[in-house]
Amino acid sequence: MSQLTTHVLDTSKGKPAEGITIFLFLQQPEDPVTVGWRQIAIGTTDTDGRIAGFLAEETILEPGVYRLKFETKEYFEKQALVTFYPFVEITFTITGNEHYHVPLLLNPFGYSTYRGS
């Protein structure tokens with residue numbers, strides 16, 4: 001299993017959210033060229049709301065501040081739904097090499113997250 005995993009649940013349907021593009025960024029505050037963030041991964045959720053192989057299993061993320069960006073507008077547009085949030089960003093800290101699971105519970109007008117296991 002990858003060190004970092006995520007999944008998206010559409011709470012308005014009670015089902016996984018398929019087809020959401022997710023970017024992973026690492027904060028680079030000392031690098032003005034990248035405006036503070038460097039993209040290190042991208043993937044799209046499958047029928048289970050997860051991304052298989054988001055990071056290679058052997059990848060160990062360095063300690064630091066990371067951000068997941070979920071492109072939610074396109075997901076809701078495909079369903080002919082309006083959303084208040086065109087994207088959702090979750091910023092979190094990695095401090096060691098243990099597993100980090102960052103789920104997103106989503107509906108067109110709200111969302112929540114937590115550190116899972």
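Just so you know, all these numbers are worked out from the coordinates, no wet-lab data involved. The structure presented is a predicted model; accordingly, all values stated were derived computationally and were not measured. Neighbour counts are summed over all protein chains in view; Cβ atoms, including those assigned to glycine, are modelled from backbone coordinates with ideal geometry.
Selection over segment 68-99 of residues that are part of a loop (DSSP other than H, G, I, E, B), over 22 Å from GLN28 (Cβ atoms) and of a type outside the set (Asp, Glu) gives a count of 10. Residue-level check: of (1) without any contact (Cβ under 8 Å) to a residue 40 or more places away in the chain; (2) in a loop (DSSP other than H, G, I, E, B), ALA56 misses just (1).
In segment 65-89, the qualifying residues are those that are more than 18 Å from ILE40 (Cβ to Cβ) and charged (D, E, K, R), and the one that is surrounded by the fewest Cβ atoms within 10 Å (Cβ to Cβ) is LYS78.
What about PHE92, is it surrounded by 13 or more Cβ atoms within 10 Å (Cβ to Cβ), in contact with a helix residue (DSSP H, G or I) (Cβ under 8 Å, 6 or more places away or on another chain) and either under 17 Å from ARG50 (Cα atoms) or free of Cβ contacts under 8 Å to residues at least 60 places away in the same chain (or both)? For PHE92, the condition - surrounded by 13 or more Cβ atoms within 10 Å (Cβ to Cβ), in contact with a helix residue (DSSP H, G or I) (Cβ under 8 Å, 6 or more places away or on another chain) and either under 17 Å from ARG50 (Cα atoms) or free of Cβ contacts under 8 Å to residues at least 60 places away in the same chain (or both) - is not met.
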